[in-house]
Amino acid sequence: MKYISEILPFLIPLIIAELVLFVFTIRHILTHENYKCGNRMLWIIVAIVGMGFIGPILYFTLGREDA
Amino acid sequence: MDILTLSDVSKAFGSKKIIDNLSFSVGEHNIFGFIGQNGAGKTTTMKMILGLLKIDSGEITVNGESVKFGNAKTNREIGYLPDVPEFYGFMTPKEYLTFCGKIAGIEKKYCDKRIEELIKLVGLNGVNKRISGFSRGMKQRLGIAQALLGNPKLLICDEPTSALDPLGRKEILDILSDVKKHTAILLSTHILSDVERICDKIAFLYNGKLALSGTIDEVKVFIMEMG
Amino acid sequence: MKQISAFIQKELLECMRTGKCIFMLILFVIFGIMNPAFAKLTPWLIDIMSDSFSNMGLSVEKVTVDALTSWMQFCKNYPFTIIILLLMFCNTLSAEYQTGTLINVITKGMNRWKIVLSKSIVIFAFWTAGYLLIFGITYGYNAYFWDNNIVSCLAFFAVCYYLAGIWLISLMIFMSTVFNSNSSVILSVGGIFLGIYLIGMLPKIDKYLPWYLLDSSKLLINDGSISDYRFAVVITILSVIINIVAAVFCFSRKSTL
């Protein structure tokens, strides 16, 4: 398991960044009433299922309302 | 002196003539009521005055200067309140007015003072939430404030009262008649009671032409004679 | 000048308050980390799979990874980066057409060309910052794990990829002034890109096209020389200028605001 210590330098920042992005996306979904399409439930599911960055990307490009 | 003059203005969209040789003028300290059905060409006329639409023929002058499409310098003399005013929802009213002041090139110190005055005038003092949470009536008030920011010589209001409840309408009309002391107002509407309440001169637009125009009393006499 | 700075401030405030800014910041950090991460994980993944491969009778060679693997991953992730940036900003004008917020700004005496210019500056700035972030993070990890000196012409390669992004953004700005909805903006940018890609299939023409800049990844393994790209660089820069001028021209004549 010598790999683990080798991948830690990017594993830790990557996990932190993805967590921040996830929390930020969920917060954005919860603090907004209207979306370009879909509803709140849908976007929360998308954000959770598309863990990492796919969910947030989908939400911010397709769901986030222009205001 | 006339603030706004339209002489023989025509505009067609494709083969459909919207405005046909329209001429009228608005003098200082006047509220000019511009009346017509939906689709009569009121908004089109206003957009042409603002240089947002190209005129096919004729001339529009604002304060003696001719209006050019695309880059209308005359807009500095005009305050415009659109029929459905929309502002950047992520700003607060004060931020939006400050932004407008910078765009209009108003000196900062004076602008801050003016914003305080206007916010009080339109009854938005103490409102610090973002514009995205505003009701229709609040947006209308902010619309009047931004239109008056640069002390315009001419205020153009497109259906300012159409979507408001009676109380909101009265308040907006009161603000407008208060403003009249400083600026000429061109007001479009289809609500005749509003016109009677605040306008000095009126004109009926029908099929792109002026069907009838004059002071309120002249028009009343004319209608009575017609029976 | 005052109008431009006021409008740029408004654009930045919008990006901050609508969450666009933070979203892109975190996303670009993730993209930056992913490039070396992928390279680093490749031998590990192959190790795991080699057992099952050898069971099937396949022999797996030991792979070596270095900075080059990571830079190649950078090239592969590049299209996603630029597409996300374009998607985030394709509504920069169309959202304002739809709500009519620009009418207020223009009737306040804002020159139209300044609107286009301010918006372009903001999007270019986001691209510059995002690109530097991704490039910087990848470069940093590569230097830590391996050695960046084994690849050649890295600086020129970086400039080529950056320019290609600038070109696509300028094209999007031009299309935003032509079309009113963001779907037509995205479709037209995609269409033009596809058209240029197809023209690029023809021999001898490809090196005059902006997209040829992405071939500069070959330079990293010392294939070809910098001078091969001189036409593409010059044409791309000219095309960016033409796009912006055309955008200003179209926007000044637009009556459906």
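Beta bridges from DSSP with both residues in the protein assembly as shown: antiparallel share about 55 percent, rounded to the nearest 5. Rounded to the nearest 0.05, the FRET efficiency derived from the C-beta distance between B:His29 and C:Ala125 at R0 = 56 Å is 0.75. Across the cross-link table entries A:Lys36/C:Lys20; B:Lys11/C:Lys119; B:Lys73/C:Lys108; B:Lys108/B:Lys139; B:Lys16/B:Lys54, which are compared at the Cα atoms, the separations over 21 Å belong to B:Lys11/C:Lys119; B:Lys108/B:Lys139. Taking label positions 7 Å along the Cα-Cβ direction at both C:Phe231 and B:Met224, the computed distance is 8.5 nm, reported to one decimal.
When you restrict to C-alpha pairs under 8 Å that are six or more residues apart and normalise by the size of segment C:2-252, the relative contact order lands at 25 percent. Cysteine residues of the protein assembly as shown whose Cβ has no partner cysteine Cβ closer than 4.7 Å: A:Cys37, B:Cys100, B:Cys111, B:Cys157, B:Cys199, C:Cys75, C:Cys90, C:Cys153, C:Cys160, C:Cys250.
Dividing the summed -39500 (n - 2.57) terms of all DSSP H runs of n ≥ 4 by the residue count of the protein assembly as shown sets its mean residue ellipticity at 222 nm at -18500 deg cm²/dmol. Taken as Cα centroids, segment C:74-121 and segment B:18-37 sit 36 Å apart, rounded to the nearest whole angstrom.
Overall form of segment B:1-68: oblate. Here a/c, set by the Cα gyration tensor axes a ≥ b ≥ c, is 1.5 or more, and a/b is not larger than b/c. Annotation: for a label point projected 7 angstrom from Cα along Cα→Cβ of A:Ile7, residues of segment C:25-40 with backbone N closer than 20 Å are C:29-40. As a length-normalised measure over Cα pairs under 8 Å and 6 or more apart, the relative contact order of segment B:35-154 settles at 29 percent. For the pair segment C:184-204 and segment C:219-257, the centres of their Cα atoms are 14 angstrom apart. Using the Cβ-Cβ distance between B:Asn207 and B:Ser132 with R0 set to 35 Å, the FRET efficiency works out to roughly 0.30.
Given R0 = 25 Å, the distance between the Cβ atoms of C:Val245 and B:Gln37 translates into a calculated FRET efficiency of 0.05.
Peptide packing: for C:7-14, B:165-172, B:94-101, the average count of neighbouring Cβ atoms within 10 Å per residue gives the ranking B:94-101, C:7-14, B:165-172, highest mean first. The mean sequence distance of close C-alpha pairs (under 8 Å, at least 6 residues apart), as a share of the length of segment A:18-67, puts its relative contact order at 44 percent. Under 30 Å of direct C-alpha separation, and excluding same-chain neighbours fewer than eight residues apart, C:Lys207 reaches these lysines: C:Lys76, C:Lys218. Would you list, by chain and number, the lysines whose Cα falls below 16 Å from the Cα of B:Lys181, excluding same-chain residues fewer than 8 positions away? Leaving aside lysines fewer than 8 places away in the same chain, those within reach of B:Lys181 are B:Lys153, B:Lys201. Were the residues from B:Lys120 through B:Asp217 laid out at 0.36 nm apart, the gain over their Cα-Cα distance would be 31.5 nm. Between segment A:1-32 and segment B:43-70, the C-alpha centres lie 56 angstrom from each other. Plainly put, the protein assembly as shown has a radius of gyration that is 1.09 times its Kirkwood radius, both from alpha-carbon atoms, as the Rg/Rh ratio.
In summary, the helical segments of chain C meeting the span-like criteria, namely a full DSSP H run, a Cα extent along the axis of 30 angstrom or more and a mean Kyte-Doolittle hydropathy of at least -0.5, are C:20-55, C:67-89, C:112-145, C:154-178, C:230-252.
By the equivalent-ellipsoid construction on the alpha carbon gyration tensor, segment C:2-252 comes out with semi-axes of 38, 21, 17 Å, ordered largest to smallest.
We did not get these values from a lab; they are worked out from the coordinates using the rules stated. Keep in mind the model is a prediction, meaning the values are calculated, not measured. Because the Cβ atoms are built from the backbone with ideal geometry, glycine has one as well, and the counts that use them run over all protein chains shown.
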